[in-house]
1. Are there any GluC sites (Glu not before Pro) in the stretch 91-141 that are in a DSSP loop and have at most 11 other Cβ atoms within 10 Å? List them by number.
2. Sequence gap at least 6, Cα distance under 8 Å: using those rules, report the relative contact order of the stretch 62-142 to the nearest whole percent.
3. Just to confirm a number: summing +1 for Lys and Arg and -1 for Asp and Glu over residues other than Ser123 whose beta-carbon lies under 10 angstrom from that of Ser123, what do you get?
4. Let me have the 222 nm mean residue ellipticity of the chain computed from DSSP H runs of 4+ only, each contributing -39500 (n - 2.57), with the sum over all residues rounded to the nearest 500.
5. Before anything else, pin down the relative contact order of the chain: Cα pairs under 8 Å, at least 6 apart, normalised by residue count, whole percent.
6. Just reorder Arg121, Arg116, Arg43 by solvent-accessible area, largest first, 1.4 Å probe, all chains present.
7. With a 1.4 Å probe and every protein chain left in place, work out the accessible area per residue of the chain in Å², rounded to a whole number.
8. With +1 on the Cβ of every Lys and Arg and -1 on the Cβ of every Asp and Glu, and nothing else charged, how large is the dipole of the chain about its Cα centre, in debye rounded to the nearest 20?
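The values are calculated or read from the model by the stated rules, or taken from the named source; none is laboratory data. All figures in this text were calculated on a predicted structure; none of them were measured in a lab. Positions of Cβ are backbone-derived with ideal geometry, glycine not excepted, and every protein chain shown enters the neighbour counts. These area figures cover heavy atoms from the full protein model, side chains too; ligands, DNA and RNA do not enter into them. Shrake-Rupley method; radii C 1.70, N 1.55, O 1.52, S 1.80 Å.
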Amino acid sequence: MPTTVRWPTDWIDSLSGESEAVGGPIVGLRLEYAAQHWVWRIRSTDPGRADLLGESNAEPTSGVEAFIDATDLSLERGHQVTLTKAEATEADTSYYDAVQASGEELPSPRLVELKRVIDDRRSTWRVTTYDTEDGDLIPRTL
């Protein structure tokens, strides 16, 4: 993994609300190597469009999946998706707090996945970090 790949703790807060890659709150994040370069796959809720009464026309399972360049965070492509039950159910911890609690710290470990999962019948976060020294992937549930 090159050093030019941006760390989520550095940009996650500013991306939401400032980028067309994110619809509503983030419900998933994963670093992937695709088409010869690194990208972040970001899943978020879709707030939909407001009708004449100001209510959203989005279904609770409506989502957006976007791929952004992992070095400059530019949007490469995006599309509508159906969220999983875990993604559509609000978690007690926000995505921002989950990223901050991931333990990501220079030079290691690096956050490589943040995924909403059902654990003990409630929606929570599974955080996976990558130990740059020994190459281990370390998953844990918050």
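1. In loop regions of the stretch 91-141 (DSSP not H, G, I, E or B), the sparsely surrounded GluC sites (Glu not before Pro) are Glu133.
2. Reported as a whole number, the value is 21 percent.
3. 0
4. Mean residue ellipticity, 222 nm, calculated: -3000 deg cm²/dmol.
5. Answer for the chain is 19 percent.
6. Arg121, Arg43, Arg116
7. 57 Å²
8. About 380 debye.
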